[in-house]
Amino acid sequence: MIAVSGLAKWFGAQSLFEGVGFQLNPGCRYGLVGANGSGKTTLLRILAGQEEPSAGTVSRPRRLRLGTLEQDHYRFEELPILEVAMMGHHELWQAIRDKESLLERADTGFDGDRYAELEDVIASHDGYAFEARSAEILEGLGIPTPLHRDPLSTLSGGFKLRVLLAQALAADPQCLLLDEPTNHLDILSIRWLEKFLAGFAGCALVISHDHRFLDNVATHILDIDYQTVTLYTGNYTAFSEAKQAERERREAEIAKREKEIAQHQAFVDRFRAKNTKARQAQSKIKQIERIVIDRLPLSSRRYPTFQFRQRRPSGKQVLTFEGVAKAFGDNQVLRDVTLHVRRGDRLAIIGPNGIGKSTLLKVAMGQLAADAGTVTWGHETYPGYFAQDHRERLEGSDATVEGWLGEACSGEGIGFVRGQLGKVLFSRDEVDKRVASLSGGEAARLLFARLGVEKPNVLVLDEPTNHLDLEAIEALVEALAGFDGTLVFVSHDRWFVSRLATRIVEITEHGLNDYHGSYDDYLAACGDDHLDSDQAVLRQRRSRARADSRRAPPRNAAERAAERRRRDLALKRDLATAAIEQAELRIDAIDRTFCKDGFFDETPPAAVRALQDEQQGLRARVRELMAEWEAIEAELEGLPKPPPPPESRG
């Protein structure tokens with residue numbers, strides 16, 4: 001679909017990548033990864049034809065429909081939201097508008113030929129269902145139908161970017177090129193996007209810093225490193241393992257050759273002066289000269305070093321909310337929140353956007369006043385706060401990076417301050433930058449460095465992974481895992497939560513669900529999902545659970561055991577059903593790819609075989625799952641019937 005050969009891009013003396021060659025094929029989904037500044041967005045723009053390479057070629061079919069994620073929403077501000085989404089398919093949208101304009105002028109003159117042309121365009125693109133498809137995409141991205149006719153300007157900045165994402169998806173593209181599409185999405189929208197991409201028949205290339213999203217979506221990874229681009233088969237986890245294994249293999253090969261050289265050199269040094277061994281020594285010298293060691297290039301990936309240590313332990317009771325309520329006008333966000341945080345908790349607060357997670361943290365930190373209730377910090381607590389809008393703390397300041405961090409390093413010399421900055425990847429040339437001019441990622445690293453020197457014993461973090469690259473997120477997880485204080489955080493990053501949380505507090509419209517255990521334990525116990533699409537249990541389980549709750553309680557041990565087994569089997573059945581649906585979506589997507597005109601002529605045989613093998617494996621998996629589902633249903637049928645609900649008394 002898109003073929004790249006000999007591609008290179010450099011800015012002055014700086015080379016981003018050289019000698020790059022790969023092909024993007026239909027039915028495949030590529031995750032594009034690399035360190036910040038390695039050239040991910042630049043490569044995406046080159047593939048989209050928005051930027052010229054320094055060398056090499058990009059070959060695209062002449063009429064290839066690309067879907068790209070716009071960043072400039074200002075030119076659409078006064079247009080209806082639904083219309084902005086439909087504008088992604090420009091040819092179809094323009095044909096619909098021109099047809100409407102013709103009909104409006106029909107009284108003064110009607111161009112039948114032009115009308116027929118427009119009808120052909122609309123019909124060929126299934127245009128009469130286009131508005132419904134666009135509305136469905138907007139709904140999936142969390143923008144409800146009643147808002148679709150409102151101007152784009154009525155939405156907040158994050159929701160405007162969702163509309164621009166809907167515009168890219170509604171374009172009916174053959175190839176999607178998306179730069180950080182999960183930014184500003186809540187978890188329900190991320191789940192919807194994962195399912196959309198799983199069923200997408202074309203080619204998709206996605207830049208993302210979300211480990212779990214890349215694992216759920218990607219069939220291949222394009223890695224920008226060592227000033228080139230390398231293609232790996234599999235998702236992000238498979239790529240990480242393969243890249244590490246390849247690096248270790250090459251390091252072992254270098255070590256083996258260095259050992260061989262050392263052995264030869266030792267023989268030469270020992271026997272060079274002896275006439276009886278001189279010929280052998282000379283032979284060893286020639287052997288050394290023939291051994292070539294290709295040194296490993298330096299990786300562009302840089303891992304910051306975050307360090308968090310508490311100055312002293314707090315009391316056992318760290319933070320208490322009692323009956324806290326908060327509203328913004330008519331919008332009641334928090335209702336009667338009562339929560340006790342204890343020393344050593346690693347508490348993740350989860351729930352959909354707008355439910356009040358950040359508001360709760362702001363109330364705790366005194367940034368917002370509660371309308372009702374109390375917030376009490378425990379004995380000897382020293383909280384450190386990382387806000388979701390953390391850049392606001394730096395905006396308007398004239399301080400330099402070095403000066404701003406130095407304010408928190410009382411009694412320490414400039415060497416200490418610069419050492420702390422070096423750990424979070426600020427070079428000597430960057431320490432004099434004004435903090436107000438820092439990027440989101442730079443600002444986050446600086447704030448974490450300051451938290452490190454302030455040594456709070458309670459860390460309160462609101463979406464701490466926003467603006468961080470994959471390497472910084474991994475480094476942050478490692479540092480927080482070693483933190484010896486109390487951790488309270490809000491995050492939509494599923495991988496991040498699963499690595500750190502030992503307690504889950506879910507905020508719902510009906511109150512708090514407080515679960516003491518890991519995120520995986522929480523999913524296993526609740527079957528609910530706000531963070532992981534792979535482990536989602538179908539919503540119908542909830543309705544069955546509500547129906548079950550209305551039944552009379554089991555009367556004896558046998559009935560209780562049967563009830564437990566019934567619940568376990570129902571959960572397994574729902575998971576099997578979800579897995580079958582997901583596999584069938586992918587099978588259908590591959591079928592649609594095979595049915596495209598010219599697919600087998602334009603696609604390399606290896607790529608065709610890969611898709612055929614994938615489809616064959618999926619069909620075998622569906623057969624296994626169907627057998628499992630049938631066995632579960634049979635066992636459910638054989639269980640004793642639950643007792644009927646008690647009769648209501650009038």
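The values are calculated or read from the model by the stated rules, or taken from the named source; none is laboratory data. Values in this document were obtained by computation on a predicted structure and should not be read as measured data. No Cβ is skipped: glycine too gets one built from the backbone with ideal geometry, and neighbour counts run over all protein chains shown. The area values use the complete protein model at the heavy-atom level, side chains included, leaving out ligands, DNA and RNA. Shrake-Rupley method; radii C 1.70, N 1.55, O 1.52, S 1.80 Å.
Checking the stated criteria, residue 198 turns out not to satisfy the condition of being among the small types (Gly, Ala, Ser) and closer than 24 Å to residue 49 by Cβ.
Just checking, does the stretch 384-392 include any residue being more than 24 Å from residue 470 (Cβ to Cβ), at pLDDT below 95 and surrounded by fewer than 18 Cβ atoms within 10 Å (Cβ to Cβ)? Scanning the stretch 384-392, I find at least one residue that is more than 24 Å from residue 470 (Cβ to Cβ), at pLDDT below 95 and surrounded by fewer than 18 Cβ atoms within 10 Å (Cβ to Cβ), so the answer is yes. Scanning the stretch 2-27 for residues that are on the phi < 0 side of the Ramachandran plot, surrounded by 22 or more Cβ atoms within 10 Å (Cβ to Cβ) and either outside any strand (DSSP E or B) or without any contact (Cβ under 8 Å) to a residue 12 or more places away in the chain (or both) yields 25, 26. Scanning the stretch 140-163 for residues that are closer than 26 Å to residue 235 by Cβ, open to solvent by less than 20 Å² (accessible area, probe 1.4 Å) and assigned to a helix (DSSP H, G or I) yields 140, 162. Residues that are at pLDDT below 85 and within 30 Å of residue 43 (Cβ to Cβ): does the stretch 75-86 have at least one? Yes.
The listed residues are 198, 218, 171, and the only one of them that is of a type in the set (Gly, Ala, Ser) and either more than 18 Å from the chain's Cα centre (by Cα) or closer than 25 Å to residue 388 by Cα (or both) turns out to be 171.
For the stretch 448-469, the tally of residues that are over 20 Å from residue 492 (Cα atoms) and open to solvent by less than 40 Å² (accessible area, probe 1.4 Å) stands at 8.
Scanning the stretch 631-650 for residues that are of a type in the set (D, E, K, R) and modelled with pLDDT of 60 or more, which turns out nearest to residue 570 (Cα to Cα)? Applying the filter and picking the extreme gives 633. Assessment of the stretch 13-22 against the conditions (closer than 21 Å to residue 204 by Cα, polar (S, T, N, Q) and in contact with a strand residue (DSSP E or B) (Cβ under 9 Å, 6 or more places away or on another chain)) yields no matching residue. Among the residues of the stretch 77-127, those identified as assigned to a helix (DSSP H, G or I), farther than 23 Å from residue 66 by Cα and of a type in the set (Lys, Arg) are 99, 114. Each residue in the stretch 32-68 was checked for being of a type outside the set (A, V, I, L, M, F, W, C), farther than 20 Å from residue 164 by Cα and part of a loop (DSSP other than H, G, I, E, B), and 12 of them qualify. Which members of the stretch 60-90 meet the condition of being charged (D, E, K, R), surrounded by fewer than 16 Cβ atoms within 10 Å (Cβ to Cβ) and free of Cβ contacts under 8 Å to residues at least 24 places away in the same chain? Answer for the stretch 60-90, where residues must be charged (D, E, K, R), surrounded by fewer than 16 Cβ atoms within 10 Å (Cβ to Cβ) and free of Cβ contacts under 8 Å to residues at least 24 places away in the same chain: 62, 63, 72, 75. The set of residues from the stretch 601-623 being open to solvent by 100 Å² or more (accessible area, probe 1.4 Å) and closer than 19 Å to residue 60 by Cβ comprises 601, 602.
Sort out which residues of the stretch 164-192 are open to solvent by 30 Å² or more (accessible area, probe 1.4 Å) and either part of a helix (DSSP H, G or I) or touching a helix residue (DSSP H, G or I) at 6+ places or on another chain (Cβ under 8 Å) (or both), and write them in order of number. 172, 179, 183, 184, 188, 191, 192, listed by residue number. Scanning the stretch 96-122 for residues that are open to solvent by 70 Å² or more (accessible area, probe 1.4 Å) and either under 34 Å from the mean Cα position of the chain (by Cα) or over 19 Å from residue 84 (Cα atoms) (or both) yields 103, 104, 105, 107, 108, 110, 111, 113, 114, 117, 120. Number of residues in the stretch 283-305 that are assigned to a helix (DSSP H, G or I) and surrounded by 12 or more Cβ atoms within 10 Å (Cβ to Cβ): the value is 5.
What's the total number of residues in the stretch 562-606 that are within 19 Å of residue 28 (Cα to Cα), among the small types (Gly, Ala, Ser) and either touching a Phe, Trp or Tyr at 6+ places or on another chain (Cβ under 7 Å) or in a helix (DSSP H, G or I) (or both)? Going through the stretch 562-606 one residue at a time, the tally reaches 3.
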